[in-house]
Amino acid sequence: MPMRRLFPLPVTVLSTRSLAAVTAALLAAAPGPTGAQSVLQVSRSPIGAVTSAHPLATEAGVKMLELGGNAADAAVAAGFAIAVVEPSMNSIGGRNQILVRLPDGTVRGIDATTQAPTTYDPDSAPQAAYGYAVVGIPGAAAGLLKLHAEHGSLPLATVMEPAIDYAENGFRLLPGEAAREASNAERSAEFPGTSAIYLRPDGTPLGPGALLVQKDYANTLRQIADGGVDAFYRGAIARRIGADMQAHGAAVTLESLAQYEALDARIVRGSYRGYELVGLDVPAAGVICIQALQIMETFDPAQMTDAQWAAVTGQALGIASRELDAMGTDTAAVRATSKDWAKHMADRVNAPGHRPSEDASGGFAPTTRPDDQGHTTHLTAADGNGMFVALTQTLGPTMGSSVVTPGLGFLYASTLGGYLGRVEPGERARSNISPFMVLLDGQPILVLGGAGGARIPSGVVQVISRVIDDNMSLTDALAAPRVHMGGGTLDAETTPGIGWKPEDLRLMRGLGLEVTENPREGAFSRIHAIQYDPRSRTWIGAADPDWEGSAQAPRPVGPRR
């Protein structure tokens, strides 16, 4: 007899799209991401949707759809915009991974991960938590420009106009962004290019509601809009980056910038209870999501309580997370996405009526990647012609390297120096980024991704399971409490109002697991997703209620391109 419990979410869907009203509501909320739960976080439309971690980025994407652009135009506009308005989480000096479904059903991927120069020596390179030593070759700008060049339809200058406007004229800091910038103030103060943007003249950080103007960033973006990828990687911007890096002993050189290119990413596929799963291979983490779901498929959630099923899910994720360190070849990808391998690994899971034949802790060995809880951003876009884009973009930890080259205006990601483990010359470091799609009969029914470091796959997998296994609405699935397996411990979300209750934790521990309680807001990844209902031809966009993002639909303003 089914024992699952559902978690309804009260959601306010605003009929207006006033950004002033959205921003005012966020600024009036108590500091922290849960203050965003009453703003525009859900949209329903027959002509597409955009959802991202910031209302201004979402608006930039929606504007492209209203101009007749497609989902690629929307994603590129939102991607450049989010790099301006959520700078603590991502930047054009960071990295991204992009998953695209074209109207004809073809799936494409873009790998624009930061990279170590071919001249980088990991044995002699300084180890550091931030600063010039951790800067690798930026990839995010190349990824966005590749997406536009290959799949966009509007002029690049049009697509980048919102981001340039936000940088040139400024925008009001939301509470969460202001808090993150303030938390990094001591590091920001060490770098003139950074402190000039994110600190007041007296050295104090900007607060919620403060106007952040980034005129240097606007100028950089204009150069990219005019000159494309060459402007960033081989032109005046590159020369300025190269000179700054050389002056501070960084690994990045003018030559390494010129050699960088965004690549076609390898697609990985699996299935879950009759649904097709599509993700990106390393350096992204699509294999973690696929293997975890295929391990879960060997169990029947209808015979468990919600807490017990969450414990099984967490264990499956812990087992699957080991695979990323061994990935990188076709053979490894085939094994990691194999149903037979999933059944074999499922034998390590503690579940009601099932005890593993070997020590379950062997499945949860920590990986070489940090278990960061707070960084990265994700956005999803869809148009009425059937194109879907899932795009994840990051700096690494909050504000990345903390370095801004004076006069350029953007932060660089943290890549080298030990943050992502040992990175070999020319290598693109692996991460937990996981843009993802769920298809039924070839039609995307759920397109999503997340933020939150090692917890990204955890959030992606649990939202998918809530929709498929619990038949939840997307909004309810995003609101349900989550778990994460870190090392040999099950970390359970106990955030007030949305977290697991004491009786749930007892059921988890009853399976022989060590469970820790984590009440921190925004700690269990933040998912921004679009669900498609083929019966009503409706696109449902939803932003994670544990953050300050939004979801919007375009207004029908004329024929689509």
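The values are calculated or read from the model by the stated rules, or taken from the named source; none is laboratory data. Computed from a prediction, not measured in an experiment: that's the story for all the values here. Every residue, glycine as well, gets a Cβ built from its backbone with ideal geometry; the counts of neighbours run over all protein chains shown.
Quick notes on this one:
- Residue in segment 173-186 that is part of a loop (DSSP other than H, G, I, E, B), free of Cβ contacts under 8 Å to residues at least 60 places away in the same chain and more than 29 Å from residue 120 (Cβ to Cβ) present: yes
- Any chance residue 249 is assigned to a loop (DSSP other than H, G, I, E, B), surrounded by fewer than 19 Cβ atoms within 10 Å (Cβ to Cβ) and either touching a helix residue (DSSP H, G or I) at 6+ places or on another chain (Cβ under 8 Å) or modelled with pLDDT under 95 (or both): yes
- Counted residues, segment 57-77 - those being assigned to a helix (DSSP H, G or I) and polar (S, T, N, Q): 1
- Matching residues in segment 481-506 - criterion: being surrounded by fewer than 22 Cβ atoms within 10 Å (Cβ to Cβ) and aliphatic (A, V, I, L, M): 498, 505
- Residues that are part of a loop (DSSP other than H, G, I, E, B) and within 27 Å of the chain's Cα centre (by Cα) were ranked within segment 252-266; the one that is surrounded by the fewest Cβ atoms within 10 Å (Cβ to Cβ) is 261.
- Scanning segment 431-458 for residues that are of a type in the set (Gly, Ala, Ser), in contact with a strand residue (DSSP E or B) (Cβ under 8 Å, 6 or more places away or on another chain) and either modelled with pLDDT under 95 or under 16 Å from residue 315 (Cβ atoms) (or both) returns 431, 442, 452, 454, 458.
- Once segment 398-433 is narrowed to residues that are on the phi > 0 side of the Ramachandran plot, assigned to a loop (DSSP other than H, G, I, E, B) and among the small types (Gly, Ala, Ser), the residue that is farthest from the chain's Cα centre (by Cα) is 407.
This table checks each residue for (1) closer than 17 Å to residue 394 by Cβ; (2) modelled with pLDDT of 95 or more; (3) part of a helix (DSSP H, G or I); (4) not aromatic (Phe, Trp, Tyr).
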| position | (1), (2), (3), (4) |
| --- | --- |
| 6 | no, no, no, yes |
| 20 | no, no, yes, yes |
| 23 | no, no, yes, yes |
| 30 | no, no, no, yes |
| 40 | no, no, no, yes |
| 80 | yes, yes, yes, no |
| 89 | yes, yes, no, yes |
| 97 | yes, yes, no, yes |
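- Considering residues of segment 290-319 that are of a type in the set (S, T, N, Q) and surrounded by fewer than 24 Cβ atoms within 10 Å (Cβ to Cβ) only, the residue farthest from the chain's Cα centre (by Cα): 303
- Taken over segment 373-397, residues that are among the aliphatic types (A, V, I, L, M), over 19 Å from residue 188 (Cβ atoms) and assigned to a loop (DSSP other than H, G, I, E, B) amount to 1.
- Residue in segment 99-121 that is of a type in the set (Asp, Glu), in a loop (DSSP other than H, G, I, E, B) and either under 28 Å from residue 69 (Cβ atoms) or modelled with pLDDT of 95 or more (or both) present: yes
- Close Cβ contacts (under 6 Å, 6 or more residues apart or on different chains) running from residues in segment 148-160 that are polar (S, T, N, Q) to residues that are surrounded by fewer than 16 Cβ atoms within 10 Å (Cβ to Cβ) and part of a loop (DSSP other than H, G, I, E, B) comprise 153/561.
- Filter result for residue 202 (surrounded by fewer than 21 Cβ atoms within 10 Å (Cβ to Cβ), modelled with pLDDT of 95 or more and not in a helix (DSSP H, G or I)): yes
- Residue within segment 480-495 that is within 19 Å of the chain's Cα centre (by Cα) and closer than 17 Å to residue 551 by Cβ present: no
- Which listed residue is aliphatic (A, V, I, L, M), more than 27 Å from residue 113 (Cα to Cα) and touching a residue at least 40 places away in the same chain (Cβ under 8 Å), from 448, 439, 490: 490
- Being modelled with pLDDT of 95 or more and more than 17 Å from residue 387 (Cβ to Cβ) is a property that residue 542 has.
- Test for residue 74: is it modelled with pLDDT of 95 or more, touching a strand residue (DSSP E or B) at 6+ places or on another chain (Cβ under 7 Å) and not aromatic (Phe, Trp, Tyr): yes
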